[in-house]
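Structure first, commentary second.
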Amino acid sequence: MNVVTASSLGLPDRTLIRTDRNNFAPRLGVAYRPFKNADTVIRGGYGIYYDVIPLDPVAGGVPFVINEVAFTNTQPAPAVVLPQVFPTAGGAGPSSVGLPRAINTSLQMPYSHQWNATLEHQRWGTGFRASYVVTAGRQMWYQRDINAPQPDARLYVDKPRPFPKYPAILYVDNGASHDYRGFTLDAERRMSRGLFAQVAYTMARDRGNTNEWFDTIENPFDLGREMGRDRSTPRRRLISAVMYDLPFGRDRRWLSRAPRLLDLALGGWQVSAVGYQQTGVFLTPTVSIPDPTGTRFTSGANRPVVAVRPDQLRDAALADPTIDGWFDRSAFAAPALGTFGTAQRGSIEGPGLNVWHFGVHKIFRFADSPAAPRFRIELTTTNLFNQPQWGNPNVNVTSTKVTAGTIRSTGNALPWQQSGARMMRLGLRVEW
């Protein structure tokens, strides 16, 4: 293999890929009041949105670095001289090279069509909203092995490949897509008479063939096979929030003229709560077996053990799932030799989330002047009821019967929602 310059291949020397400069992103929004009063509004919008961060063409490492087995050049007459980078015989060879990620030189920025329709109405000091939102991602990036042979029952080394001297070559290209559709009902009461409340309920569906965490697709010749439920978009989600000023003390309903000492004790109290309830994330089952399709790189006449999707025989959902059996393991089987499995991405739904956070707040005023500092003491609690929020099950159905399909962790799949064991925090803040 020789090292060549980008310009010798008709590519720009500085960027290595051709710049995408024709991204046109129009947007349109409308609002209409169907009645004479201003209590009801119909809104709608459409727009095209592009990703703003291009893929790093040197994601495989520092530019021009190719990792291979060490080779000591001969002296005084070197056996390897640039542009040659491998010895003609013995030592490091192309099959042992760790190649950087390859990128389509005409890679385009992914974009999405987004549109929505919303009906808003105000009643009883509360705003109500019903929204339908659609996001259709197009020309999204995905990764495949462009040096893989055709999938069949033969061994990897017995089949022709585009670059027979080299191992797997991971290649990033456009062509993946996803479609999100969500319907949301929410109501919000802004702070009035000491009470704030908000609740939102969403039903959603998100399907696509984009890689999970930018993994390489299993069958490099069939992107459509990757179509499935998006991992991180739950079917249903309910969010609730409430904040209430207890009606005692200065500027409150009762004891508004209480003596200072009594106001310090009973006034300025506030409670708050936030709740999250949602269905689980979508998980993909796997089996660990010798490569059935002969598409995973190996330098020998063997079948390396790989984790691939199995055949799905029936619906794996259980009527009463438990942490010792979250889904039906027998609903999956290893694919036949020469074939990929029939199970879709996201065919297992993980445990949901049901957690409440709570806070008690106390404000101290030592002077009546608006410019005077205030002291705020707050005690906040995550997972108020200390209810276990289960982690995801082991989705490798070839694991031992003790662990396959079981849950052995807590904290839920969404750690940013602080769904672990109950924690309490006491804080002091000065405001002025």
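So the values come out like this:
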| item | result |
| --- | --- |
| Cross-link reach list, aspartates and glutamates versus residue 165, counting only Cα pairs under 18 Å and skipping chain neighbours closer than eight places | 68, 145 |
| The stretch 199-275, relative contact order [Cα under 8 Å, separation at least 6], % | 30 |
| Pairs of alpha carbons in the stretch 106-156 whose separation is greater than 17 Å (percent) | 67 |
| Helical contribution to [θ] at 222 nm, DSSP H n ≥ 4, -39,500 (n - 2.57), averaged over the chain, rounded to 500 | -500 deg cm²/dmol |
| Reach of residue 362 by Cα under 12 Å, taken over aspartates and glutamates that are not fewer than 8 positions away in the same chain | 245, 263, 378 |
| Accessible surface, per residue, of the chain when the full set of protein chains is kept, probe 1.4 Å, Å² | 58 |
| Inter-label distance for residue 138 and residue 81, nm, one decimal - labels placed 7 Å from Cα along Cα-to-Cβ | 5.4 |
| Size-normalised alpha-carbon gyration radius of the stretch 265-332, reference 2.2 N^0.38 Å | 2.12 |
| Extension gain from residue 240 to residue 399, taking 0.36 nm per residue of separation minus the Cα-Cα distance | 53.3 nm |
| Cα-derived Rg over Rh, computed across the stretch 148-230 with Rh taken as Kirkwood radius | 1.34 |
| Extension reserve of the residue 261-residue 421 stretch, reckoned as 0.36 nm per residue once the Cα distance is removed | 53.8 nm |
| Rough spin-label spacing in nm, given labels placed 7 Å along Cα→Cβ, for residue 270 and residue 24 | 5.0 |
| Solvent accessible area, Å² - residue 101, 1.4 Å probe, full protein context | 70 |
| Potential lengthening between residue 362 and residue 124 on full extension [0.36 nm per residue; Cα-Cα distance subtracted] | 82.8 nm |
| Longest to shortest principal axis, alpha-carbon extents of the chain, angstrom | 97, 55, 53 |
| Where labels lie 7 Å past Cα in the beta-carbon direction, separation of residue 232 and residue 105 in nm | 3.4 |
| Protein-only accessible surface order, largest first, of 243, 109, 423 at 1.4 Å | 423, 243, 109 |
| Pairwise FRET efficiency - residue 31 versus residue 386, Cβ, R0 = 41 Å, nearest 0.05 | 0.35 |
| Calculated from backbone phi, Karplus (6.51, -1.76, 1.60) coupling profile of the stretch 346-363 in Hz, x at Gly/Pro | x, 7, 10, 9, x, x, x, 10, 8, 9, 10, 10, 9, x, 10, 10, 9, 10 |
| Rounded percent of accessible protein surface that carbon and sulfur make up, the stretch 185-287, 1.4 Å probe | 58 |
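The values are calculated or read from the model by the stated rules, or taken from the named source; none is laboratory data. Nothing here was measured: the structure is a model prediction, and the numbers come from that model. With ideal geometry, Cβ positions are generated from the backbone for all residues, glycine too; neighbour counts draw on all protein chains shown. Surface accessibility is based on the protein's heavy atoms, side chains included, excluding ligands, DNA and RNA. Shrake-Rupley method; radii C 1.70, N 1.55, O 1.52, S 1.80 Å.
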